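The values are calculated or read from the model by the stated rules, or taken from the named source; none is laboratory data. Worth saying up front: this structure is predicted, and the values here are computed from it rather than measured. Heads up, the Cβs are rebuilt from the backbone with ideal geometry, glycines too, and the neighbour counts pull from every protein chain shown.
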Amino acid sequence: MEARTEAKAVVRYIRISPRKVNIVNDLIRNKPVGVAMGILKNTPKAASEVLIKLLNSAIANAENNFGMNPDDLYVAEAYANAGPTLKRIRPRAQGRAFRILKRTCHITIVVREREAK
């Protein structure tokens, strides 16, 4: 039986638009986890806080569930898919209503071990 070389962590129903999360995901994709964590800690976006917790969870899953070395991990995949949209109404002039879409997303981070050269 071969050892698993990847681990993932998923967070669902986060109240941030997936478009905004993917901007930050693009910064950390294919980076070593130490570098990715440094980027997230210094990125002034709302999604950074959620992604820090999610990356820590993915690293812990890799270490505890699959016995991987945290120093050899890199962010293989990072993406945000659309979740359910909350529809709200804002009153407008002359009795009209204006719909506000409060978007949610499901975020996934996959970490893999680098192959030894």
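What the table shows:
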| quantity | calculated |
| --- | --- |
| Close pairs from the stretch 82-103: first over 25 Å from Y13 (Cβ atoms), partner part of a strand (DSSP E or B), Cβ under 6 Å, at least 6 apart | R92/F98; A97/I89 |
| Tally, over the stretch 89-110, of residues that are of a type in the set (K, R) and surrounded by 10 or more Cβ atoms within 10 Å (Cβ to Cβ) | 2 |
| Any hit, the stretch 101-113, residues being touching a His at 6+ places or on another chain (Cβ under 9 Å) and hydrophobic (A, V, I, L, M, F, W, C) | no |
| Hits in the stretch 1-43 - residues which are in a strand (DSSP E or B), of a type in the set (K, R) and more than 22 Å from G67 (Cα to Cα) | R12 |
| Neighbours by Cβ (under 9 Å, 6+ apart or cross-chain): first from the stretch 3-23, closer than 20 Å to L73 by Cα; second at pLDDT below 95 and of a type in the set (F, W, Y) | A3/F66; R4/F66; T5/F66; E6/F66; A7/F66 |
| Some residue of the stretch 63-84 being more than 18 Å from I107 (Cα to Cα), more than 11 Å from the chain's Cα centre (by Cα) and surrounded by 17 or more Cβ atoms within 10 Å (Cβ to Cβ) | yes |
